[in-house]
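The values are calculated or read from the model by the stated rules, or taken from the named source; none is laboratory data. Quantities reported herein were computed from a predicted structural model and do not represent experimental measurements. For neighbour counting, all protein chains shown are included, and Cβ atoms are generated from backbone atoms with ideal geometry for every residue, glycine included.
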Amino acid sequence: MRPLDFLQQINTHNFESFALDTYDKQYASNPIYRQFVDTLSRPRPRQLAEIPFLPISFFKSHEVKTESALVQKVFLSSGTTGQERSRHFVTDLNWYNDSLSQGFENVFGPVSDFVFIALLPSYLENGDSSLIYMLDQLIHKSGSSLCGFYAPDPKEVSQVVAAALSSGKRPFVFGVSYALLDLAAAQLNLSKAIVLETGGMKGRREELSKEALHAALQKGFGLERIYSEYGMTELLSQAYSVDHQTFSCPPWMQIRIRDVYDPFTEVPFGQKGGVNIIDLANQNSCAFIQTDDLGRLTSEGFKLEGRLAATDIRGCNLLID
């Protein structure tokens with residue numbers, strides 16, 4: 001079965017069944033995940049809340065994948081010199097490609113409607129980034145020769161935006177925070193574009209709250225709304241925020257919120273806690289990931305509430321020799 005056919009079967013009613021089937025598969029075929037689960041000495045889960053989530057730090061220290069699969073590509077997280085980087089060993093890029101295309105189009109419509117203007121200089125410098133691969137895929141599927149990776153040069157970006165509109169396509173500006181702020185300072189009119197920020201000042205500017213960042217970008221670009229993306233090296237799916245920093249997931253991805261002092265207990269709906277992610281596109285690595293993010297569920301999706309301090313990480317962060 002093609003990955004897209006698999007993903008399109010999943011909905012809110014059958015998600016738990018697909019998740020438990022994926023757990024069984026990964027327990028049987030992923031030696032790192034199996035060893036982690038066995039260390040916990042917990043019975044086989046019968047519901048979502050009982051599934052053990054692998055701490056995200058394991059992607060830095062271990063090769064998290066099904067044992068028999070050959071690796072097609074390794075995605076590396078961004079990081080400074082000497083800093084340990086997460087590695088996602090992807091054995092079938094079709095899972096990423098299909099999840100990306102379907103998840104994007106669920107929110108924004110056909111990829112071919114857009115000209116993608118990528119402002120990701122720091123990611124280009126690092127190399128092997130899943131974000132660069134993501135934009136490469138969107139650029140390829142767009143089919144427009146205007147798409148590409150650009151410097152945050154107001155004159156050049158303005159020319160590409162004008163050319164995109166003349167061609168009948170909508171500009172889609174996808175950038176890191178500091179690059180977008182550089183453009184916004186020039187009062188570049190992007191009122192007919194979509195602007196999506198991926199976060200990250202990368203030491204180039206003072207860190208801002210999301211509210212302050214979006215206010216500055218809205219004012220500079222003449223926009224009522226700035227979009228955000230929630231993704232990471234360890235995931236093959238993305239969540240997008242379309243309003244008030246509330247993120248929504250595709251049907252095959254789900255957020256669970258755990259008690260930061262008891263990782264096997266979920267907090268009541270709406271309460272802040274540690275973010276656990278189920279990404280069923282991660283069929284050949286690990287679909288159940290315990291992140292270091294803080295967040296809470298809402299009726300529309302989920303909100304991020306910062307990061308866990310090292311002293312707050314409890315219980316599940318067991319090391320495997």
Any chance residue 38 is over 22 Å from the mean Cα position of the chain (by Cα), without any contact (Cβ under 8 Å) to a residue 24 or more places away in the chain, in a helix (DSSP H, G or I) and over 24 Å from residue 249 (Cα atoms): yes
From the residues in segment 78-117 that are of a type in the set (Gly, Ala, Ser) and more than 18 Å from residue 174 (Cα to Cα), which one is modelled with the lowest pLDDT? 82
Restricting attention to segment 120-137, does a residue exist that is small (Gly, Ala, Ser), surrounded by 17 or more Cβ atoms within 10 Å (Cβ to Cβ) and modelled with pLDDT of 95 or more? no
Residue under question is residue 41, and the condition is that it be polar (S, T, N, Q) and modelled with pLDDT under 95; does it hold? yes
Residue 231 passes all but one of the listed conditions (1) crowded, with 22+ Cβ neighbours inside 10 Å; (2) within 22 Å of the chain's Cα centre (by Cα); (3) in contact (Cβ under 8 Å) with a residue 60 or more places away in the chain; the exception is number (1)
Name the residue, out of 168, 109, 103, 175, that is small (Gly, Ala, Ser) and under 19 Å from residue 217 (Cα atoms). 175
Scanning segment 102-118 for residues that are crowded, with 18+ Cβ neighbours inside 10 Å and farther than 21 Å from residue 167 by Cα, the one farthest from the chain's Cα centre (by Cα) turns out to be 102
